[in-house]
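One structure below.
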Amino acid sequence: MTSTVIDTISVWAIPFLIGFIPLFGWLRGVKVYETFVEGADEGFKMAIRMIPFLVGILVALNIFQASGAFDAVIHFLSRPLGHIGVPSEVVPLILVRPLSGGAALGVTTGLLQHYGPDSFVGRVASTLQGSTDTTFYVITLYFGSIAVRRTRYALPVALIGDLAGFIAAILVCHYLF
């Protein structure tokens, strides 16, 4: 019974919201189509402003990897992190996750294909993927697109949040698996 209710809700939730939100706006006197077009125009302009920042972060990540610095940092961190229970195979994921979601997903996919989703490495990689964010990407993209030059405490706090996510993911995986 519960499964049927959940299945029904999951099938109808998005169509309901797509119909309900414009209807609710129209009933409140909002010019729904005009507001949608205005929002789409602003979204397109913002996407255009974001392109240089996207290119910049992707070029920096590729340079970091192509220079060999990425491999050197992985080698440097693997042993000390291994002593505290972090599989050396997930160190690249720990390094790339704050930089790029696409690269992190690629690393996670590679780990899952090589070790399997039910292996300890696969579980740690999946948990890391879900418990952290693409900090530098988000800060570069969002702050850059609205012309904020001084991020003040945003970067340190976001990195502390990522560190907390990494630590929690490792601890939870060791506890559960």
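The values are calculated or read from the model by the stated rules, or taken from the named source; none is laboratory data. Predicted, not measured: the structure shown is a model, and the values here were computed from it. Methodologically, a virtual Cβ is constructed for each residue, glycine included, from the backbone with ideal geometry; neighbour enumeration extends over all protein chains shown.
Assorted remarks:
- Residue within the stretch 44-66 that is out of contact with any helix residue (DSSP H, G or I) (no Cβ under 9 Å at 6 or more places or on another chain), of a type outside the set (V, I, T), part of a helix (DSSP H, G or I) and farther than 28 Å from F166 by Cα present: yes
- Residue within the stretch 112-131 that is in contact with a helix residue (DSSP H, G or I) (Cβ under 6 Å, 6 or more places away or on another chain), touching a residue at least 12 places away in the same chain (Cβ under 8 Å), of a type outside the set (A, V, I, L, M, F, W, C) and closer than 19 Å to Q65 by Cα present: no
- Search result, residues across the stretch 47-79 that are surrounded by 13 or more Cβ atoms within 10 Å (Cβ to Cβ) and either within 22 Å of V148 (Cβ to Cβ) or touching a His at 6+ places or on another chain (Cβ under 6 Å) (or both): R49, M50, F53, L54, G56, I57, L58, A60, L61
Each row is one residue, and each column tells you yes or no for (1) within 17 Å of I84 (Cβ to Cβ); (2) of a type in the set (A, V, I, L, M).
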{"site": "V124", "(1), (2)": "yes, yes"}
{"site": "D133", "(1), (2)": "no, no"}
{"site": "F143", "(1), (2)": "no, no"}
{"site": "I146", "(1), (2)": "no, yes"}
{"site": "A154", "(1), (2)": "no, yes"}
{"site": "Y175", "(1), (2)": "yes, no"}
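- Selection within the stretch 129-141 - part of a loop (DSSP other than H, G, I, E, B) and over 15 Å from L171 (Cα atoms): D133, T134
- Of all residues in the stretch 95-128, those satisfying the criterion of being buried (at least 19 other Cβ atoms within 10 Å of the Cβ), modelled with pLDDT under 90 and assigned to a helix (DSSP H, G or I) are V96, A103, A104, V107.
- Residue match in the stretch 146-161 (condition: modelled with pLDDT under 90, small (G, A, S) and either more than 30 Å from F44 (Cα to Cα) or in contact with a His (Cβ under 9 Å, 6 or more places away or on another chain) (or both)): no
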